[in-house]
Amino acid sequence: MDEIATVSADQAAPPLTDPLGVLADAQARADETLTLAARHLDPSLVEVLRILGFDRSYRSARGSYLYDADGRPYLDMHTGEGFASLGHGHPDVKAVLQTMLDTDLVDGVQIHYSVLSGMLAEALCARLPDGLDAVFFASTGAEAVDSAMKFARAATRRPRLLTCDSGYHGVTLGPLSLVGDEFFKEGFGPLLPGCSRVPFGDLDRLEAELRSRDVAAFIVEPIQGRLVTLPAPGYLQAAQELCRRHGTLFVVDEVQTGLGRTGRWFALEHWGLEPDIVTVGKALSGGYMPVAAMVTRRSVFQRAVGTLERSYVHQSTYGRNKLSMAAGLASLRVIERDGLVERSAELGATILAGLRELQHRHELIGEVRGSGLMLGIELQAPRSRKAQLAVKLMRMASEGLFPQLVVIPLHRDHGVITMAAGKNDVIKLLPPLTLSDAEAQTFLAALDLVLSDCEAGVGKNWSVVRDIATATLRRGGQGRSGER
């Protein structure tokens with residue numbers, strides 16, 4: 001009987017197909033993935049992946065892992081800058097989306113509403129401080145930040161916007177004008193006027209800017225995402241008070257830190273903040289759909305767009321689509337049901353303790369920091385003269401190349417995906433909130449081995465990055481010669 005039941009079950013699960021053959025074609029052409037990307041998308045990014053050894057032919061993703069064409073698993077400790085916060089392909093979010101696809105529920109874009117958008121807005125407001133009760137849905141975090149910029153200017157009738165050095169708020173033109181790293185801005189100017197920056201943590205500079213009383217909003221990440229920089233004690237509370245005193249809206253950008261990432265629903269809870277606007281994105285759909293939100297006070301919303309004649313001046317074509325709204329609701333319910341906020345705090349503390357133990361044994365680790373499952377490992381050059389010279393060469397070639405000394409062998413030799421945090425010496429970790437204890441220990445053990453190899457002078461690790469540095473310098477020299 002068992003054998004018959006097994007056969008019946010197998011027969012009841014035919015291969016997945018679609019009426020237009022899209023899936024079949026995608027599966028048949030899987031080996032062309034990077035060829036097509038290089039031809040029609042971004043050949044420079046494909047080249048970066050090749051240089052770093054990340055040009056694997058990934059075929060599927062489940063939970064904490066990506067799988068290549070050979071079936072080799074790769075533990076994902078980056079999750080696409082944290083968007084797949086529930087791991088890849090969470091089955092319950094998938095089931096909700098499949099059900100929604102099978103319904104004729106009103107989609108709720110443009111001049112219509114679906115009940116799902118009101119439900120998701122209600123659920124977000126319930127998890128934020130009192131008074132944040134007006135929601136605008138968008139497709140990306142950058143669009144949510146752009147909305148905050150517009151609403152702040154319209155509500156206050158003030159022209160200026162203030163952010164922090166090293167801050168990151170997106171790369172569309174509006175948010176890019178706020179970004180604190182000039183590298184992202186090169187070649188895209190002129191950007192929006194009236195956008196200024198102050199050092200993160202400098203209250204004197206902040207107050208000096210606010211005294212002019214022409215600043216519409218101070219927009220700040222509670223934990224800066226690029227370097228995983230935590231605020232000094234009391235800084236955010238004092239910044240909020242200064243904004244209140246000078247009539248400036250206090251905007252907290254939670255696109256990366258929100259939804260359990262730092263061990264609280266929102267990072268602002270760590271400091272008891274009550275901002276005027278909060279932006280949410282990345283993880284809101286559990287890694288399935290593009291969706292983001294700007295949440296503000298009703299008074300701000302009304303002053304910006306609340307009259308009848310202005311009710312349609314700020315819209316987002318797919319901002320309230322039913323699949324994104326359903327995915328957002330499903331993600332919030334999974335986080336709540338499975339205790340993933342508490343899980344983030346507990347497992348994050350375990351990983352941070354493990355990193356600090358490695359820091360005591362490995363001179364390559366200069367500092368570790370973070371909150372919940374948002375963690376940064378800042379590397380430093382070893383003491384040996386040979387290593388110092390090698391690191392100097394890497395930094396001359398490209399800021400941000402040094403961390404590849406660790407990132408590349410983690411991926412190549414141990415099947416662990418991490419990422420350098422940009423033009424700096426930081427490796428940033430944004431693992432799924434569903435990461436298991438065993439997976440966390442797998443990562444720590446792999447990192448220990450890689451650090452030991454690097455500090456023992458294992459030629460393969462150093463030589464790969466030195467070769468990249470040398471080639472980069474050579475190409476740069478050729479480019480400069482050509483310009484002359």
Mind listing just one residue for me: the one in the stretch 197-231 that is in contact (Cβ under 8 Å) with a residue 24 or more places away in the chain, touching a strand residue (DSSP E or B) at 6+ places or on another chain (Cβ under 9 Å) and of a type in the set (Asp, Glu) and, of those, surrounded by the fewest Cβ atoms within 10 Å (Cβ to Cβ)? ASP214
What single numbered condition from (1) more than 20 Å from CYS243 (Cα to Cα); (2) surrounded by 19 or more Cβ atoms within 10 Å (Cβ to Cβ); (3) under 19 Å from the mean Cα position of the chain (by Cα); (4) of a type in the set (S, T, N, Q) fails to hold for THR172? (2)
Residues in the stretch 222-237: is at least one modelled with pLDDT of 95 or more, assigned by TED's automatic domain parsing to the domain that holds ASP165 and basic (Lys, Arg)? no
Taking only pairs six or more apart or across chains, which ones have beta-carbon atoms under 7 Å, a first residue in the stretch 374-399 that is in contact (Cβ under 8 Å) with a residue 40 or more places away in the chain, and a second residue that is surrounded by fewer than 17 Cβ atoms within 10 Å (Cβ to Cβ) and assigned to a strand (DSSP E or B)? GLU378/GLY366; GLU378/GLU367; LEU379/GLY366; GLN380/GLY366
Those residues that are crowded, with 21+ Cβ neighbours inside 10 Å and in contact with a Gly (Cβ under 6 Å, 6 or more places away or on another chain), I need them from the stretch 232-249; list them, please. none
ARG264: at pLDDT below 95, charged (D, E, K, R) and buried (at least 17 other Cβ atoms within 10 Å of the Cβ), yes or no? no
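Could you please let me know if VAL255 is assigned to a strand (DSSP E or B) and among the hydrophobic types (A, V, I, L, M, F, W, C)?
On the way: assigned to a strand (DSSP E or B): no; among the hydrophobic types (A, V, I, L, M, F, W, C): yes.
Considered against the rule, which asks whether it is assigned to a strand (DSSP E or B) and among the hydrophobic types (A, V, I, L, M, F, W, C), VAL255 comes out as no.
So, restricting to helices (runs of 4 or more DSSP H) that lie completely within the stretch 8-78, which ones have at least 1 residues that are under 29 Å from ALA471 (Cα atoms) and at pLDDT 90 or above?
Details: elements: 22-28, 33-40, 43-52.
Passing ranges, in order: 33-40, 43-52.
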When the stretch 275-321 is examined, which residues are found to be part of a helix (DSSP H, G or I) and farther than 18 Å from GLY141 by Cα? ARG298, SER299, VAL300, PHE301, GLN302, ARG303, ALA304, VAL305, LEU308, GLU309, ARG310
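So for the stretch 145-166 (the condition being more than 16 Å from PHE250 (Cα to Cα) and assigned to a loop (DSSP other than H, G, I, E, B)), does at least one residue qualify?
Restricting attention to the stretch 145-166, the residues satisfying the condition of being more than 16 Å from PHE250 (Cα to Cα) are 165-166.
If we keep only those that are assigned to a loop (DSSP other than H, G, I, E, B) too, we end up with 165-166.
Scanning the stretch 145-166 turns up at least one residue that is more than 16 Å from PHE250 (Cα to Cα) and assigned to a loop (DSSP other than H, G, I, E, B).
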Does VAL406 satisfy the condition of being in the same structural domain as GLY63 (by TED's automatic domain parsing), touching a residue at least 24 places away in the same chain (Cβ under 8 Å) and within 26 Å of PHE183 (Cβ to Cβ)? yes
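Would you confirm whether any residue within the stretch 377-392 is touching a Ser or Thr at 6+ places or on another chain (Cβ under 7 Å) and more than 30 Å from TRP265 (Cβ to Cβ)? I'd like the intermediate steps shown before the answer.
Let us first name the residues in the stretch 377-392 that are touching a Ser or Thr at 6+ places or on another chain (Cβ under 7 Å), namely none.
Among the residues of the stretch 377-392, not one is touching a Ser or Thr at 6+ places or on another chain (Cβ under 7 Å) and more than 30 Å from TRP265 (Cβ to Cβ), which makes the answer no.
Here's a check for you: in the stretch 100-118, which residue that is in contact with a helix residue (DSSP H, G or I) (Cβ under 6 Å, 6 or more places away or on another chain) and of a type in the set (A, V, I, L, M, F, W, C) is surrounded by the most Cβ atoms within 10 Å (Cβ to Cβ)? Walk me through it before giving the result.
Within the stretch 100-118, the first condition is being in contact with a helix residue (DSSP H, G or I) (Cβ under 6 Å, 6 or more places away or on another chain), and the residues that meet it are 100, 105, 107-108, 114, 116-117.
Still in the running and of a type in the set (A, V, I, L, M, F, W, C): 100, 105, 116.
Numbers: MET100: 18, LEU105: 14, LEU116: 23.
Checked the stretch 100-118; the qualifying residue surrounded by the most Cβ atoms within 10 Å (Cβ to Cβ) is LEU116.
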Could you tell me which numbered condition ALA126 fails, if it satisfies all but one of (1) over 25 Å from the mean Cα position of the chain (by Cα); (2) within 17 Å of LEU329 (Cα to Cα); (3) free of Cβ contacts under 8 Å to residues at least 24 places away in the same chain? (1)
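Counting only residues that are polar (S, T, N, Q) and in contact with a Pro (Cβ under 7 Å, 6 or more places away or on another chain), which one in the stretch 53-99 is surrounded by the most Cβ atoms within 10 Å (Cβ to Cβ)?
First, the residues of the stretch 53-99 that are polar (S, T, N, Q): 57, 60, 64, 79, 85, 98-99.
Filter again for in contact with a Pro (Cβ under 7 Å, 6 or more places away or on another chain), leaving 64, 79, 85.
Numbers: SER64: 25, THR79: 26, SER85: 29.
The residue in question is SER85.
Suppose we filter ARG383, ARG412, ARG395, ARG369 for residues that are basic (Lys, Arg) and under 20 Å from the mean Cα position of the chain (by Cα); which single one remains?
Working: ARG383 fails: under 20 Å from the mean Cα position of the chain (by Cα); ARG412 fails: under 20 Å from the mean Cα position of the chain (by Cα); ARG395 fails: under 20 Å from the mean Cα position of the chain (by Cα).
Of the residues listed, the single one that is basic (Lys, Arg) and under 20 Å from the mean Cα position of the chain (by Cα) is ARG369.
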In the stretch 207-224, what residues are assigned to a strand (DSSP E or B) and within 15 Å of GLU254 (Cα to Cα)? PHE218, ILE219, VAL220, GLN224
If I ask for residues that are modelled with pLDDT under 95 and charged (D, E, K, R), which ones from the stretch 364-393 would you list? ARG383, ARG385, LYS386, LYS392
I'd like the full set of residues that are in contact with a Leu (Cβ under 6 Å, 6 or more places away or on another chain) and outside the structural domain of SER311 (by TED's automatic domain parsing), limited to the stretch 79-130. THR79, GLY82, SER85
If I filter the stretch 75-101 down to residues being under 11 Å from ILE417 (Cβ atoms) and not polar (S, T, N, Q), which single residue comes out as nearest to the chain's Cα centre (by Cα)? GLY80
Quick one: is GLU254 at pLDDT 95 or above and more than 21 Å from the chain's Cα centre (by Cα)? no
Cβ-Cβ distance below 7 Å, separation of 6 or more or different chains: which pairs start in the stretch 453-471 with a residue that is surrounded by 13 or more Cβ atoms within 10 Å (Cβ to Cβ) and at pLDDT 80 or above and end on one that is of a type in the set (A, V, I, L, M) and not in a helix (DSSP H, G or I)? CYS454/LEU364; GLU455/LEU364; VAL465/LEU401; ILE468/LEU401; ALA469/LEU401
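The values are calculated or read from the model by the stated rules, or taken from the named source; none is laboratory data. In this text the structure is predicted, and so the values were computed from the model without any measurement. All Cβ positions, glycine included, derive from the backbone under ideal geometry; neighbour counts span all protein chains shown.
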